[in-house]
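S.K.: Here it is: the structure, laid out below.
The values are calculated or read from the model by the stated rules, or taken from the named source; none is laboratory data. Predicted, not measured: the structure shown is a model, and the values here were computed from it. Cβ: placed from backbone, ideal geometry, glycine included. Neighbour counts: every protein chain shown.
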Amino acid sequence: MPQSFENCVKQGGRVRTKTLKGGKYMHICFKGGKSFAGEVKESKGTASFLEKK
């Protein structure tokens, strides 16, 4: 993770997950009116029986 993101988390920032297209997501930390982006990660997928038909 980027150092600025890790510092934000250590200082008590609020972490939110943003869903992206293509089964990807990223964590964003908010502290003091600023945002610090984490790495873009790929979702491991969902169980097939939970998918809407």
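S.K.: Looking only at the range 19-31, filter to residues that are exposed (fewer than 14 other Cβ atoms within 10 Å of the Cβ) and either of a type in the set (A, V, I, L, M, F, W, C) or at pLDDT 95 or above (or both); which one of those is farthest from the chain's Cα centre (by Cα)?
M.R.: Among them, the one singled out is F30.
S.K.: Do we find that K10 is at pLDDT 95 or above and surrounded by fewer than 12 Cβ atoms within 10 Å (Cβ to Cβ) in this structure? Steps first, please.
M.R.: Numbers: at pLDDT 95 or above: yes; surrounded by fewer than 12 Cβ atoms within 10 Å (Cβ to Cβ): yes.
Answer is yes for this residue.
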